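**Student:** One structure coming up, written as structure tokens, with questions to follow.
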Amino acid sequence: MDIHEYQAKEILSRFGVAVPAGALAYSPEQAAYRARELGGERWVVKAQVHAGGRGKAGGVKVCDSDAEVQDAAEEMFGRKLVTHQTGPEGKGIYRVYVEAAVPIASEIYLGFVLDRSSQRVMIVASAEGGMEIEEISAERPESIVRATVEPAVGLQEFQCREIAFKLGIAPGMVQQMVRTLQGCFRAFTELDATMVEINPLIITGDDRIMALDGKMTFDDNALFRHPQIAELRDKSQEDPRESRAADRGLSYVGLDGSIGCIVNGAGLAMATMDTIKLAGGEPANFLDIGGGASPERVAKAFRLVLSDKNVQAILVNIFAGINRCDWVAEGVVQALREVQVDVPVVVRLAGTNVEEGQKILAESGLPLIRATTLMEAAERSVEAWQSEQAQNTQVRTN
Ligand code: ADP
Ligand code: MG
């Protein structure tokens, strides 16, 4: 789960990371009021969307009066901000953050990520801040400083000092850098984050180190033990298909293809998507309905997959290990009686009680396309999708 910049800054500041003074606004008038409340002479109005690259897309505006703050906010509210991270549809701006403008002497990139190959938290930093990390690694790879944290002992002070030295931080500011790094690390581990990114972390004209931007991503599977974090979820920033799935306890990722997938198990779902591609099709989604594929869950899955208007065929691929194929087949049959499905459905069952399962499908009288192997299932769904597509174009030309 992602959160907004202002929320990340609030969290990080609780862990000792310095941030500029700022306040949130839900309307242009409130933005102007917030600027007056904050005081000072210069403010930055920042669109709160779950994406970076706002600066280049008009989502960050420096203002010299409260009237300018109001105008800048007026420009942003209700608009969709399109940055290189949002995709062409953009993300709606419903909140803006008004922040004191800070004089920047230099910008640093700082990221904490989970490095799955070393199974450790990795710190990535570069004195070439302001640019995206992808650009830095393409253009100035030698500027990137990396360090991994030994989980048994946590982030050590000497490691922080080493990072500070490699970034060329002046000796008088090293202690501030150590505090910043340790604050981020504590926030990362204590709150079960999977990413903390500060870009830029700046050194101000008066020698202070501050987070000017902040991004945090949390492990969805750990949100149950952080209710205060779970509360920060903003559905207006999510793919509506994915938030509907999350509300129903299904793990779903929307994609651009036309073949909807209903699969149990994440690994099998990945393999199913790969096989569809191999057979010449494009999956419309990743969907793991979990181990216990009850009729209710299968029905929910059908509804969810069908809510994507691009879906022209559905592939149900279930491997019953602990589960039983006959039970899953009952589920599919019940679900199809309950949910109106106007696209061809291919079902492949394997594992425990597969014969009984096939029998239930065959005797249901439903127009299901059955397949035995995964390859066959993928090929059948690609054929079904192609003939559906041909039919649709025919309907349109008639
Ligand atoms: P994004 O990464 O989405 O473009 P940032 O928060 O990083 O958004 O802001 C973009 C740029 O705007 C920063 O690199 C910085 O130069 C400037 N900026 C952002 N906040 C402030 C601020 N409070 N004071 C001065 N400049 C700022
Ligand atoms: Mg940034």
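The values are calculated or read from the model by the stated rules, or taken from the named source; none is laboratory data. What you see is a predicted model; the values in this text were computed from it and never measured. Cβ: placed from backbone, ideal geometry, glycine included. Neighbour counts: every protein chain shown. We work out accessible area using only protein heavy atoms, side chains counted, and drop any ligands, DNA or RNA first. Shrake-Rupley method; radii C 1.70, N 1.55, O 1.52, S 1.80 Å.
Conditions tested, residue by residue: (1) part of a loop (DSSP other than H, G, I, E, B); (2) open to solvent by less than 30 Å² (accessible area, probe 1.4 Å).
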site: 267; (1), (2): no, no
site: 272; (1), (2): no, yes
site: 275; (1), (2): no, yes
site: 300; (1), (2): no, no
site: 310; (1), (2): yes, no
site: 315; (1), (2): no, yes
site: 319; (1), (2): no, no
site: 322; (1), (2): yes, no
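**Student:** Being assigned to a helix (DSSP H, G or I) and aliphatic (A, V, I, L, M) is the filter here; which residues of segment 211-249 pass it?
**Tutor:** Those that are assigned to a helix (DSSP H, G or I) and aliphatic (A, V, I, L, M): 222, 223, 229, 230, 245, 246.
**Student:** On to the next question. Could you say whether any residue in segment 208-227 is touching a strand residue (DSSP E or B) at 6+ places or on another chain (Cβ under 6 Å), in contact (Cβ under 8 Å) with a residue 12 or more places away in the chain and away from ligand 1 (no atom under 16 Å from the Cβ)?
**Tutor:** Scanning segment 208-227 turns up at least one residue that is touching a strand residue (DSSP E or B) at 6+ places or on another chain (Cβ under 6 Å), in contact (Cβ under 8 Å) with a residue 12 or more places away in the chain and away from ligand 1 (no atom under 16 Å from the Cβ).
**Student:** Does residue 348 meet the test of being in contact with a helix residue (DSSP H, G or I) (Cβ under 6 Å, 6 or more places away or on another chain) and either within 21 Å of residue 271 (Cβ to Cβ) or open to solvent by less than 90 Å² (accessible area, probe 1.4 Å) (or both)?
**Tutor:** yes
**Student:** Tell me whether segment 186-199 contains one or more residues that are assigned to a helix (DSSP H, G or I), buried (at least 19 other Cβ atoms within 10 Å of the Cβ) and within 16 Å of ligand 1 (Cβ to nearest atom).
**Tutor:** no
**Student:** Kindly indicate the residue of segment 34-59 that is within 16 Å of ligand 2 (Cβ to nearest atom) and assigned to a helix (DSSP H, G or I) and also most open to solvent (accessible area, probe 1.4 Å) among those meeting that condition.
**Tutor:** 56
**Student:** Where residues in segment 13-33 are assigned to a helix (DSSP H, G or I) and of a type in the set (Gly, Ala, Ser), which of them is nearest to residue 236 (Cα to Cα)?
**Tutor:** 31
**Student:** Is it the case, given these coordinates, that residue 369 is open to solvent by 80 Å² or more (accessible area, probe 1.4 Å), of a type in the set (A, V, I, L, M) and out of contact with any Ser or Thr (no Cβ under 6 Å at 6 or more places or on another chain)? Even if it seems obvious, please write down each step before you answer.
**Tutor:** Working: open to solvent by 80 Å² or more (accessible area, probe 1.4 Å): no; of a type in the set (A, V, I, L, M): yes; out of contact with any Ser or Thr (no Cβ under 6 Å at 6 or more places or on another chain): yes.
Judged against the criteria, residue 369 is not a match.
**Student:** For residue 281, are the conditions met, namely being crowded, with 23+ Cβ neighbours inside 10 Å, in a loop (DSSP other than H, G, I, E, B) and either within 16 Å of ligand 1 (Cβ to nearest atom) or assigned by TED's automatic domain parsing to the domain that holds residue 305 (or both)?
**Tutor:** Yes: the conditions hold for residue 281.
**Student:** Moving to a separate point now. In this structure, does residue 161 turn out to be surrounded by fewer than 18 Cβ atoms within 10 Å (Cβ to Cβ), more than 16 Å from ligand 2 (Cβ to nearest atom), more than 21 Å from residue 12 (Cα to Cα) and of a type in the set (Lys, Arg)?
**Tutor:** Judged against the criteria, residue 161 is not a match.
**Student:** Further, regarding this structure: Restrict the check to segment 110-130 and report whether at least one residue is at pLDDT 95 or above, within 14 Å of ligand 1 (Cβ to nearest atom), open to solvent by less than 80 Å² (accessible area, probe 1.4 Å) and closer than 29 Å to residue 231 by Cα.
**Tutor:** yes
**Student:** Something else about it: Output the residues belonging to segment 200-215 that are open to solvent by 40 Å² or more (accessible area, probe 1.4 Å) and under 23 Å from the mean Cα position of the chain (by Cα). Full working, then the answer.
**Tutor:** Step one: of segment 200-215, the residues open to solvent by 40 Å² or more (accessible area, probe 1.4 Å) are 205-208, 215.
Passing the criteria: only 215.
**Student:** When you check residue 251 against the structure, is it open to solvent by less than 20 Å² (accessible area, probe 1.4 Å) and either within 16 Å of ligand 2 (Cβ to nearest atom) or more than 30 Å from residue 176 (Cβ to Cβ) (or both), yes or no?
**Tutor:** Numbers: open to solvent by less than 20 Å² (accessible area, probe 1.4 Å): no; either within 16 Å of ligand 2 (Cβ to nearest atom) or more than 30 Å from residue 176 (Cβ to Cβ) (or both): yes.
No.
**Student:** Could you please find all residues in segment 132-154 being open to solvent by 40 Å² or more (accessible area, probe 1.4 Å) and hydrophobic (A, V, I, L, M, F, W, C)?
**Tutor:** Matches in segment 132-154: 138, 152, 153.
**Student:** Does segment 169-180 contain any residue that is touching a residue at least 60 places away in the same chain (Cβ under 8 Å), out of contact with any strand residue (DSSP E or B) (no Cβ under 8 Å at 6 or more places or on another chain) and surrounded by 14 or more Cβ atoms within 10 Å (Cβ to Cβ)?
**Tutor:** Yes, that holds for at least one residue.
**Student:** Please count how many residues of segment 216-241 are in contact with an Asp or Glu (Cβ under 8 Å, 6 or more places away or on another chain) and exposed (fewer than 12 other Cβ atoms within 10 Å of the Cβ).
**Tutor:** Residues meeting the conditions: 1.
**Student:** Okay, moving on. Just for segment 76-93: of the residues that are within 14 Å of the chain's Cα centre (by Cα) and surrounded by 17 or more Cβ atoms within 10 Å (Cβ to Cβ), which one is farthest from residue 46 (Cα to Cα)?
**Tutor:** If we take residues in segment 76-93 being within 14 Å of the chain's Cα centre (by Cα) and surrounded by 17 or more Cβ atoms within 10 Å (Cβ to Cβ), then 86 is farthest from residue 46 (Cα to Cα).
**Student:** Now for a separate question. Consider residue 201 against the criteria (1) of a type in the set (A, V, I, L, M, F, W, C); (2) within 16 Å of ligand 2 (Cβ to nearest atom); (3) out of contact with any strand residue (DSSP E or B) (no Cβ under 7 Å at 6 or more places or on another chain): it satisfies all of them except one. Which criterion is unmet?
**Tutor:** The failed condition is (3).
**Student:** Also, I was wondering about something else. Quick check on my filter: what residues within segment 114-139 are within 19 Å of residue 17 (Cβ to Cβ) and within 16 Å of ligand 2 (Cβ to nearest atom)?
**Tutor:** If the condition is that a residue be within 19 Å of residue 17 (Cβ to Cβ) and within 16 Å of ligand 2 (Cβ to nearest atom), then 124, 125, 126, 127, 129, 130, 133 are the ones that fit.
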